[in-house]
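The structure appears below as C-alpha cells.
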Amino acid sequence: MARSSKNLFKKIVDDSLKRDKKIKKKYEDRGGVGEGQANKELEKERDEYHKDYNLVSYYGKDAPKARSFNTRRKASGGKVKKMGMGGKCRGMGAATRGGAFTRNG
C-alpha cells in the first residue's frame with residue numbers, strides 16, 4: 001500500500017508518541033534511577049524519530065524502502081542454545097560420516 005508523505009509524517013509522529021507514553025509508564029514509579037533510565041530511552045526514541053522524519057522529508061513516499069526506516073532495535077543477546085542431542089542427520093558429509101560422494105566433472 002503506497003502512502004503519501006503526509007500519511008508517513010502522521011504515522012511516525014503517532015508511533016513515536018505511543019512509544020514515549022510506553023517508556024514513561026514503564027518508569028513512572030521507579031524514583032530517580034527510573035527517571036534517569038527513562039530519559040536515556042526517550043533520548044534514543046527522539047533520535048530515531050528525527051532519523052525517520054529526515055528520511056520522509058528527503059525521500060517522500062519512498063522513505064519506507066530505506067533499510068533504516070522505522071527501525072527500533074532492542075539490544076540483542078541472551079543465552080546461547082545448544083543443539084539438542086539425538087535425531088537424524090541427513091545428507092552425506094563430515095556430519096554423517098557416510099555416503100560415497102563422488103564428483104564427476
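The values are calculated or read from the model by the stated rules, or taken from the named source; none is laboratory data. Since the model is a prediction, treat every value here as computed from it, not as a measurement. Here the Cβ positions follow ideal geometry from the backbone for every residue, glycine too, while neighbour counts run over all protein chains shown.
Structure above, values below:
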| item | result |
| --- | --- |
| Test result for ASN7, in a helix (DSSP H, G or I) and modelled with pLDDT under 90 | yes |
| In region 11-45, the residues that are surrounded by 13 or more Cβ atoms within 10 Å (Cβ to Cβ) and closer than 21 Å to PHE69 by Cα | LYS11, ILE12, VAL13, ASP15, SER16, ARG19, ASP20, ILE23, GLU41, LEU42, LYS44, GLU45 |
| Members of region 52-73 that are surrounded by 15 or more Cβ atoms within 10 Å (Cβ to Cβ) and over 19 Å from LYS22 (Cβ atoms) | TYR53, LEU55, VAL56, TYR59, ALA63, PRO64, ALA66, PHE69 |
